Structures are given as C-alpha cells and as structure tokens.
Amino acid sequence: EQVWPERNQRPSQIFAKEKQLAALLQPLGIAYTALAPAMQQQVDQKGLILHGFGKAQGIGHWNINGHQLAATVLAQRICTDKQLIK
C-alpha cells in the first residue's frame, strides 16, 4: 500500500509508519533509512512496478526491480553517511 502506482488508491498518511519508526530510533542513535519514500518517488517518476510476479504485479513481495532499488538506496546511504563508515 505504501509503494503503489495508483495515487488515488494510496493511504492518506502514506509514510506514517516510517516516521514513527524514525522517531523511535533517532534518540537511540540507531541509523535508519526509510525505503518507501524513495521507492514511491521512483514509481511515480519511472512507472516502475516494485512488487509482485507474473499476474500479481504490484502485489506482495519485492520483485527484481524492488530489490535492485532497495539495494541502490541503501548503498548510497552507506557510502555517504560518515557515521555508518567506521
């Protein structure tokens, strides 16, 4: 539901879970990268389908596009965040 190609079918508070988790982890000093906002941006810009296989496109687990995008976002974060490189 967070990374969905149809704008009118998305929840109103689409990234509320990520914001809650970030708020819990930040005071503890735990690094967190919310993937859903970056993934939704790519869905909107490029029309990617990041979930599902075969006839179930858009539903379920990440497909190859979803895994590739998640890896790219995390790699960029790891390579640019000096706190993660020690």
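Data table
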{"quantity": "Residues within the stretch 15-30 that are more than 11 Å from the chain's Cα centre (by Cα) and either at positive phi or open to solvent by less than 50 Å² (accessible area, probe 1.4 Å) (or both), tallied", "calculated": "4"}
{"quantity": "All positions within the stretch 31-70 that are open to solvent by 60 Å² or more (accessible area, probe 1.4 Å), assigned to a helix (DSSP H, G or I) and hydrophobic (A, V, I, L, M, F, W, C)", "calculated": "Ile64"}
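The values are calculated or read from the model by the stated rules, or taken from the named source; none is laboratory data. What you are looking at is a predicted structure, and each value in this text was computed from that prediction instead of being measured. The accessibility values were calculated without ligands, DNA or RNA, using every heavy atom of the protein model including side chains. Shrake-Rupley method; radii C 1.70, N 1.55, O 1.52, S 1.80 Å.
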